[in-house]
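The values are calculated or read from the model by the stated rules, or taken from the named source; none is laboratory data. The shown structure was predicted, so the numbers you read here are calculated from the model rather than taken from an experiment. In this analysis, Cβ positions are derived from the backbone assuming ideal geometry, glycine residues included, and neighbour counts consider all displayed protein chains. Ligands, DNA and RNA are excluded from the accessible area calculation, which covers all protein heavy atoms including side chains. Shrake-Rupley method; radii C 1.70, N 1.55, O 1.52, S 1.80 Å.
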Amino acid sequence: MKLATIHSELNPWDARIVCNLLRSEGMAATLLGEHHATADLLVSPALGGVRVQVPAEQAEAARALVARWQGGEFGRALEDQMKDEAP
């Protein structure tokens, strides 16, 4: 299976958030370089950061989902939900 890098972060924890977002939508996301960055955060930039990868056939949908997340769509939805549930 060929993997495509669709996103990268210098911080391994931010990369994990993106990876889990993709997984929550049923995508087979994985991280490359997470262990190096976790062991020594200063090495992350030299290695190109922590890369979020998905199977090549899921790359377009994964990029679209990450763009929606970066655009704040999910944050706004959560704020609306919290307003509706407030006493």
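What to note about this one:
- The range 35-74: number of residues that are under 15 Å from the mean Cα position of the chain (by Cα) and farther than 21 Å from residue 3 by Cα: 7
- Filter result for residue 73 (at pLDDT 90 or above, over 17 Å from residue 9 (Cα atoms), out of contact with any His (no Cβ under 8 Å at 6 or more places or on another chain) and open to solvent by 40 Å² or more (accessible area, probe 1.4 Å)): no
- Tally, over the range 1-38, of residues that are hydroxyl-bearing (Ser, Thr, Tyr) and in a helix (DSSP H, G or I): 2
Conditions tested, residue by residue: (1) in a helix (DSSP H, G or I); (2) surrounded by 15 or more Cβ atoms within 10 Å (Cβ to Cβ); (3) free of Cβ contacts under 8 Å to residues at least 60 places away in the same chain; (4) of a type in the set (Lys, Arg).
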residue: 51; (1), (2), (3), (4): no, yes, yes, yes
residue: 57; (1), (2), (3), (4): yes, no, yes, no
residue: 69; (1), (2), (3), (4): yes, yes, yes, no
residue: 78; (1), (2), (3), (4): yes, no, yes, no
residue: 81; (1), (2), (3), (4): yes, no, yes, no
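- Pair list, Cβ < 7 Å and 6+ apart or interchain, from the range 16-45 residues that are closer than 13 Å to residue 61 by Cα and open to solvent by less than 70 Å² (accessible area, probe 1.4 Å) to residues that are in a helix (DSSP H, G or I) and at pLDDT below 95: 21/69
- Residue 62 under 14 Å from residue 22 (Cβ atoms), surrounded by 15 or more Cβ atoms within 10 Å (Cβ to Cβ), touching a residue at least 24 places away in the same chain (Cβ under 8 Å) and touching a strand residue (DSSP E or B) at 6+ places or on another chain (Cβ under 7 Å): yes
- Qualifying residue in the range 2-10 (condition: open to solvent by 90 Å² or more (accessible area, probe 1.4 Å), of a type outside the set (Gly, Ala, Ser), modelled with pLDDT under 95 and under 13 Å from the mean Cα position of the chain (by Cα)): yes
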